[in-house]
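Colleague: Structure in structure tokens, see below.
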Amino acid sequence: MCTLTVVPLPSGAVQVAFNRDESRARPAGLPPRVCQFGTRAAALPTDPVSGGTWLAVNDAGLALAVLNVNPPARAVSAPRPARSRGAVVPALLECESPSAALAACARLDYRAFAPFRLVLVGQGVVADVRWDGREPMVMSRLVGRSPRMFTSSGLGDHLVEGVRRERFAEMFAGGPETWEEAQYAFHRHRWPGREHLSVNMSRADARTVSYAVLDVREADALFTYRAGAPDQPAAVTTTRLPLAAGAA
């Protein structure tokens, strides 16, 4: 249950924004901190239940995010997973590029996880990896010069995909100079009377619990984390991660 956008900015930076949606009963995530993964440093928040994460950036300028995949209820259920999806991103943080991360992802025992969608951003590329719990894992590469959106919902991804994508297209109809503002407005958006379908969602059992923005620039990455919905007062932390020489 989440919404992710990837937006290239006129400055040359890439901005990744993530609304994390979770059960109201789940403990709050821990704000980002810098950790070491092999020879690479990475900034990432932590889920206290699984010990994993949903969003990270490493000092090679590689950003990674994982979303749930929720097929229609009539789809055949996958076997109960042995591992949390929160372990997918940390397993790839030693990689220096989307290509290296895709190669490492192909070696994962992906069937041990519940259905997931992994998005990798770096070197002008957006890579999309999808495991639906039934068919073999599918990988695709997209050119990173256009805004991209990825979304999911515990109600069923098919119920929110169309309405959120239509809103995304409307809000990003302007030129690149408007995209940063459009991204911020998109992640705050809530339809009165349709809060359960909104990007900034709310329903009886779940809500948007945090809003994070990764601003990946030439020399560093800024990880701004709001420990609450993007339109509500909340604690905000910013973590700066210097990028290694030669990083994308």
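Colleague: State which residue is surrounded by the most Cβ atoms within 10 Å (Cβ to Cβ) when the search covers only the stretch 58-70 and only residues that are touching a Ser or Thr at 6+ places or on another chain (Cβ under 8 Å) and closer than 17 Å to Val216 by Cα.
Modeller: Among those that are touching a Ser or Thr at 6+ places or on another chain (Cβ under 8 Å) and closer than 17 Å to Val216 by Cα, it is Leu62.
Colleague: What residue, among those in the stretch 207-235 that are over 18 Å from the mean Cα position of the chain (by Cα) and among the hydrophobic types (A, V, I, L, M, F, W, C), is farthest from Ala42 (Cα to Cα)?
Modeller: Ala234
Colleague: When you scan the stretch 5-57 for strands (runs of 3 or more DSSP E) that lie fully inside it, which ones turn up with 1 or more residues that are small (Gly, Ala, Ser) and open to solvent by 20 Å² or more (accessible area, probe 1.4 Å)?
Modeller: Hits in the stretch 5-57: 14-23.
Colleague: Consider Met139 carefully, then state whether it is in contact with a Leu (Cβ under 9 Å, 6 or more places away or on another chain), open to solvent by 40 Å² or more (accessible area, probe 1.4 Å) and closer than 15 Å to Val66 by Cα.
Modeller: Details: in contact with a Leu (Cβ under 9 Å, 6 or more places away or on another chain): yes; open to solvent by 40 Å² or more (accessible area, probe 1.4 Å): yes; closer than 15 Å to Val66 by Cα: yes.
Yes: the conditions hold for Met139.
Colleague: Within the stretch 207-234, which residues are closer than 18 Å to Val121 by Cα and of a type in the set (D, E, K, R)?
Modeller: Asp215, Arg217, Glu218, Asp220
Colleague: Pairs, please: C-beta under 8 Å, at least 6 apart or cross-chain, first residue farther than 16 Å from Gly156 by Cα and in the stretch 58-72, second open to solvent by 10 Å² or more (accessible area, probe 1.4 Å) and of a type in the set (Lys, Arg)?
Modeller: Correct list of pairs: Asn58/Arg40; Asp59/Arg40; Ala60/Arg40; Val66/Arg85; Val66/Arg117.
Colleague: What's the number of the condition Asp128 fails, among (1) open to solvent by 20 Å² or more (accessible area, probe 1.4 Å); (2) out of contact with any helix residue (DSSP H, G or I) (no Cβ under 9 Å at 6 or more places or on another chain); (3) at negative phi?
Modeller: Single failed check for Asp128: (1).
Colleague: Restricting to the stretch 100-113, what's the tally of residues that are aliphatic (A, V, I, L, M) and either open to solvent by 20 Å² or more (accessible area, probe 1.4 Å) or modelled with pLDDT under 90 (or both)? Before the answer, list the steps.
Modeller: Taking the stretch 100-113 and keeping what is aliphatic (A, V, I, L, M), we get 100-104, 106, 108, 112.
Remaining after also requiring either open to solvent by 20 Å² or more (accessible area, probe 1.4 Å) or modelled with pLDDT under 90 (or both): 100, 103, 106, 108.
Residues meeting the conditions: 4.
Colleague: Also, quick follow-up: Look through Ala206, Ala229, Ala221, Ala235 and report the one residue that is over 28 Å from Ser99 (Cα atoms), at pLDDT 95 or above, crowded, with 19+ Cβ neighbours inside 10 Å and touching a Gly at 6+ places or on another chain (Cβ under 9 Å).
Modeller: Values: Ala229 fails: touching a Gly at 6+ places or on another chain (Cβ under 9 Å); Ala221 fails: over 28 Å from Ser99 (Cα atoms); Ala235 fails: crowded, with 19+ Cβ neighbours inside 10 Å.
Within the list Ala206, Ala229, Ala221, Ala235, the selection yields Ala206.
Colleague: Kindly check whether there is at least one residue in the stretch 207-220 that is under 17 Å from Pro31 (Cα atoms) and assigned to a loop (DSSP other than H, G, I, E, B).
Modeller: No, the conditions are met nowhere in the stretch 207-220.
Colleague: Ok, one more. Somewhere in the stretch 154-172, is a residue of a type in the set (A, V, I, L, M, F, W, C), touching a His at 6+ places or on another chain (Cβ under 8 Å) and over 24 Å from Ala43 (Cβ atoms)? It would help to see each step written out before you state the result.
Modeller: Keep residues of the stretch 154-172 that are of a type in the set (A, V, I, L, M, F, W, C), which gives 155, 159-160, 163, 168-169, 171-172.
This time we only want the ones that are touching a His at 6+ places or on another chain (Cβ under 8 Å), so: 155, 171.
Now drop any that are not over 24 Å from Ala43 (Cβ atoms), which leaves 155, 171.
Yes, the stretch 154-172 contains a residue that is of a type in the set (A, V, I, L, M, F, W, C), touching a His at 6+ places or on another chain (Cβ under 8 Å) and over 24 Å from Ala43 (Cβ atoms).
Colleague: Here's another thing I want to ask about it. Considering only the stretch 181-192, I want to know if a residue exists there that is in a helix (DSSP H, G or I), at negative phi, open to solvent by 20 Å² or more (accessible area, probe 1.4 Å) and of a type in the set (Phe, Trp, Tyr). Talk me through it step by step, then tell me what you get.
Modeller: First, pick out the residues of the stretch 181-192 that are in a helix (DSSP H, G or I): 181-188.
Now restrict to residues that are at negative phi: 181-188.
Filter once more, keeping what is open to solvent by 20 Å² or more (accessible area, probe 1.4 Å): 181, 184-185, 188.
Still in the list and also of a type in the set (Phe, Trp, Tyr): 184.
Yes, the stretch 181-192 contains a residue that is in a helix (DSSP H, G or I), at negative phi, open to solvent by 20 Å² or more (accessible area, probe 1.4 Å) and of a type in the set (Phe, Trp, Tyr).
Conditions tested, residue by residue: (1) at pLDDT below 95; (2) closer than 18 Å to Leu4 by Cα; (3) more than 15 Å from the chain's Cα centre (by Cα); (4) not in a helix (DSSP H, G or I).
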site: Leu67; (1), (2), (3), (4): no, yes, no, yes
site: Asn70; (1), (2), (3), (4): yes, yes, yes, yes
site: Ala91; (1), (2), (3), (4): no, no, yes, no
site: Glu94; (1), (2), (3), (4): no, no, yes, yes
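The values are calculated or read from the model by the stated rules, or taken from the named source; none is laboratory data. Because the structure is a prediction, the values reported are computed rather than measured. When we count neighbours, we look across all protein chains shown, and the Cβ atoms used for this are built from the backbone with ideal geometry, even at glycine. SASA here: full protein model, heavy atoms, side chains in, ligands and nucleic acids out. Shrake-Rupley method; radii C 1.70, N 1.55, O 1.52, S 1.80 Å.
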